1. Within region 130-153, is there a residue that is assigned to a helix (DSSP H, G or I) and modelled with pLDDT of 95 or more?
2. Quick check: is even one residue across region 109-120 crowded, with 18+ Cβ neighbours inside 10 Å, more than 14 Å from the chain's Cα centre (by Cα) and not in a strand (DSSP E or B)?
3. Just checking, which of K134, K120, K93 is among the charged types (D, E, K, R) and in contact (Cβ under 8 Å) with a residue 60 or more places away in the chain?
4. Across region 6-31, what is the total count of residues that are closer than 14 Å to Y78 by Cβ and among the aliphatic types (A, V, I, L, M)?
5. Just to be sure I understand, how many residues within region 70-93 are touching a Gly at 6+ places or on another chain (Cβ under 8 Å), surrounded by fewer than 19 Cβ atoms within 10 Å (Cβ to Cβ) and in a loop (DSSP other than H, G, I, E, B)?
6. Condition first: part of a loop (DSSP other than H, G, I, E, B), in contact with a strand residue (DSSP E or B) (Cβ under 6 Å, 6 or more places away or on another chain) and polar (S, T, N, Q). Can you find one or more residues in region 29-51 that meet it?
7. Please state which of the following conditions Q41 fails to meet, knowing it meets all the rest: (1) within 21 Å of Y133 (Cα to Cα); (2) of a type in the set (S, T, N, Q); (3) without any contact (Cβ under 8 Å) to a residue 24 or more places away in the chain.
Amino acid sequence: MIRRMQARDKDAVLGLVRATGFFTEAEVGVAEELIDVFLGQPGQKDYDVVVAEDEAGAPAGYMTWGPTPLAEDAYDLYWMAVAPAQQGRGRGKELVRWLEAEVGRLNGRLIIIETSSQPKYHGTRQFYLGLGYKEVARVPHFYKPGDDRVIYAKYFR
């Protein structure tokens, strides 16, 4: 089941983000900032955070997403992570498919996803391609020398 994140989920979500080994402490800090905005400012419309529950109801994965600033009917998938013990069980696919359904409900036309070109993100890039996202841009040496920003998109209308 996918549901909106609650304050009680925060420690578990940050724990699973760290446990993936994909995010630096600075990146974990940004993920936490967005979670804090979502939890602490219920009226804001920039970020939504959802969790995928495991069989016991605990967070097995999470995703931060929201409308793309200054773009009509476009949405960004900002952060997504699945607990290492839950990877390979379809949790990530479940989260992305949920987002696609939500964007469809909102009559959205586009989802944008950005990631790194580092070798450790090869599986992540393949995951998005497998879900029908297309690489639409690459910014060489964006994050640091040798680490490109890779941008994926999926259009719905």
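1. Taking region 130-153 and keeping what is assigned to a helix (DSSP H, G or I), we get 130.
Now drop any that are not modelled with pLDDT of 95 or more, which leaves 130.
Yes, that holds for at least one residue.
2. Yes, the conditions are met somewhere in region 109-120.
3. Residue meeting the stated conditions: K120.
4. 5
5. The number of residues fulfilling the criteria is 1.
6. Step one: of region 29-51, the residues part of a loop (DSSP other than H, G, I, E, B) are 41-47.
Next, only the ones that are in contact with a strand residue (DSSP E or B) (Cβ under 6 Å, 6 or more places away or on another chain) stay: 46-47.
Add one more test, that the residue is polar (S, T, N, Q), and what stays is none.
Looking through region 29-51, none of the residues is part of a loop (DSSP other than H, G, I, E, B), in contact with a strand residue (DSSP E or B) (Cβ under 6 Å, 6 or more places away or on another chain) and polar (S, T, N, Q).
7. (1)
The values are calculated or read from the model by the stated rules, or taken from the named source; none is laboratory data. The shown structure was predicted, so the numbers you read here are calculated from the model rather than taken from an experiment. Cβ sites come from the backbone with ideal geometry, for glycine too, and all protein chains shown count toward neighbours.
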